[in-house]
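Engineer: Supplied in structure tokens, the structure appears directly below.
Readers should treat all values here as calculations from the given coordinates under stated rules, not as data from a laboratory. As the structure is a prediction and not an experimental result, all values here were calculated from the model. Here the Cβ positions follow ideal geometry from the backbone for every residue, glycine too, while neighbour counts run over all protein chains shown.
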Amino acid sequence: FVGEKARYVKEYDSYLADSIKDSEDGIIFTTQTAINDELIKWILGYGKSAIVMEPEQLVHRLEKEIKNMINNY
């Protein structure tokens, strides 16, 4: 997570993480969880402040969801 939203993740969602490490421009949030609709909604709720690096399956699922959203407009 980058920018101001990284602070919110640390304050309100840290209990969801296996680890949180500070980075130059935010935090690196790591957790092992199922890839499901709830996770997708949570990540998308942080908008451009959420950058998913892995796993590749999650990245592709988010790309698909974002493309579908764009097609609505």
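Engineer: List, in order, the whole-Hz ³J(HN,Hα) value for each residue of region 55-61 obtained from phi through the Karplus relation with A = 6.51, B = -1.76, C = 1.60 and θ = phi - 60°; use x for Gly and Pro.
Structural biologist: Ordered by residue, 3J(HN,Hα) equals x, 4, 4, 5, 4, 5, 5 Hz.
Engineer: Between VAL2 and LYS67, 0.36 nm times their residue separation minus their Cα-Cα distance comes to what?
Structural biologist: Contour length minus the Cα-Cα distance gives 21.2 nm.
Engineer: Same structure, new question: Just give me a number: lysine pairs in the chain, eight or more positions apart or cross-chain, with C-alpha atoms less than 25 Å apart.
Structural biologist: Within the chain, the lysine pair count is 14.
Engineer: Of all the C-alpha pairs in region 34-73, what % are more than 15 Å from each other? Write out the running numbers ahead of the final one.
Structural biologist: Working: 293 of 780 pairs.
Pairs farther apart than 15 Å: 38 percent.
Engineer: Moving on to the next point. Magnitude of the Cβ-charge dipole of the chain, K/R +1 and D/E -1, about the Cα centre, nearest 20 debye?
Structural biologist: Using only the charged Cβ atoms, the result is roughly 220 debye.
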